[in-house]
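Worksheet for the structure shown next.
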Amino acid sequence: MATKVENPAVPKLLSESSHSSPAPTETAKKRKSPPAPTSQTTVKRSKTESEEPRTWEDEVEDEDDSEEESFEDLARQYKKFINAPKFDLNSEELFCVCRKPDTGELMISCDGCEEWFHFKCMNLKKENSNLIAKFYCKFCTWKGTGSTLWKRKCRVSSCNDPARADSNSKYCSDEHGKLFMRQILIERQKNVNDLSEGMLNDILEYSKSDYSKLRSLGSEFPELPEVVQFKETGKNIEDFPQDVRDDLTKINTKLNSVDKSTEENKYRTEYLSEMKDKIKALNEKLTQSLHPHGSTVKETTKKSKKSQKSKKVDICLYDKVLAAHDTDTKSLLDDLNSSEDLYEDFKGLLEKKLNDELDDDQVWYKDKVCIQDRRKCVRHNGWFNLLFDEVSKKLVELNVLKDKLESQKDTILRNYSTRVYESK
């Protein structure tokens, strides 16, 4: 009898049982109007287990004994499947493409449509049930909902358990790890030319009685020459197979786009820093122009200090061009600092604003720069800091994206190297 594991993750399996429990299990209850057989047990897998695509291709190919079905065949089967009755004449619920009731035969729930299917009808081997990470029936695969994912199989050929995901191991247990190495090093057939006696002697001679040396062997992945050259120069992409070249080209295109955006945002950060100094200098210049004696009057009373403080000009100077991230248009603030005629025009308008000679709704200079007092401008409160923080956040996001793309490129190259080594 199968056991029940309370990890609600991957595909739900109904296993064959001896019909001894009085009620359906938790997973069985999740099915649409499930029957209540006298016994059925459920196996659920944890999401913490590694969900890797089909890394053991030969096993997966063996799963499908039937001929590949055409698009039209699947379309006809799907139409027949969805129109088939859900219950038989005895009011028993029907399952799978065969539309039969639950008789205790091993079944699996599709992670796409949540329908239940027999292993036999889906061309799945019962002994590989523990290796399924996510299952999608042939209809969901046909519709593009998803594809079945398999966990990495233990390297011991006779074992059908998944490798441990918690330690990135290739084996289901320490015992099977030792068994595999024993088969390779000691019990292997003499006609298998995997490790020569001379190589074994070299390994033993190198490590001697120092276990740390033996353990350090293989700690660094031996990169292939073409991989090393590509990482250093990036110019020998033609040395790789077409599928690897396509993947690397896509990654490099994205990386180039990220690099370009990063440079633009770095330039914008520097430009905003310069504009901050220009805004400060412009306000100081306006203070000197509009209140020429305000900074030279030296009084000792609190009242005079308050009066002197009120003479300081602190204009909002919100710039629509800066806020719109328009790098092609020159900011008006640049011109105000460089053009004396424009500055005098701006100062005249601002003086009228400070003397209440303008309407309250007249707060723009040339419809680009806000001339409100910074402390009274609620609409643009803290606008410059928000703009600077936005650009800084974008830079952080671009750096994270670049690291992710670099990691994907390393994975592509590592998988290529592994494929080459395994083919030898």
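Over segment 120-172, Cα pairs under 8 Å with separation of 6+ residues give a relative contact order of 28 percent.
Distant-in-sequence amide contacts of Phe95, defined by a placed amide H-H separation under 5 Å and a gap of 5 or more residues or a different chain, comprise Lys100.
Exceeding 19 Å between C-alpha atoms, which entries from my cross-link table qualify? They are Lys285/Lys353; Lys231/Lys402; Lys170/Lys409. Violating the 19 Å Cα-Cα cut-off are Lys170/Lys409. Each residue of segment 238-251 was assigned a 3J(HN,Hα) from its phi angle through the Karplus expression (A = 6.51, B = -1.76, C = 1.60, θ = phi - 60°), giving 5, 6, 9, x, 4, 5, 5, 4, 4, 5, 5, 5, 4, 5 Hz with x at Gly and Pro. The H on the amide N of Ile315, modeled in the peptide plane, is under 5 Å from the matching H of Arg374, each at least 5 residues off or on a different chain. Across the cross-link table entries Lys153/Lys424; Lys153/Lys250; Lys126/Lys424; Lys100/Lys125, which are compared at the Cα atoms, the separations over 24 Å belong to Lys153/Lys250; Lys126/Lys424. In this structure, the amide hydrogen of Ile132, modeled 1.01 Å from its nitrogen in the peptide plane, lies closer than 5 angstrom to those of Lys151, counting only residues at least 5 positions away or on a different chain. Extension gain for the segment Lys368 to Leu272, taken as residue separation times 0.36 nm less the Cα-Cα distance, is 32.9 nm to one decimal. With Cα atoms defining each centre, segment 312-341 and segment 396-411 are spaced 36 Å apart in the structure.
We did not get these values from a lab; they are worked out from the coordinates using the rules stated. Given the structure is predicted, the values throughout are model-derived calculations rather than measurements.
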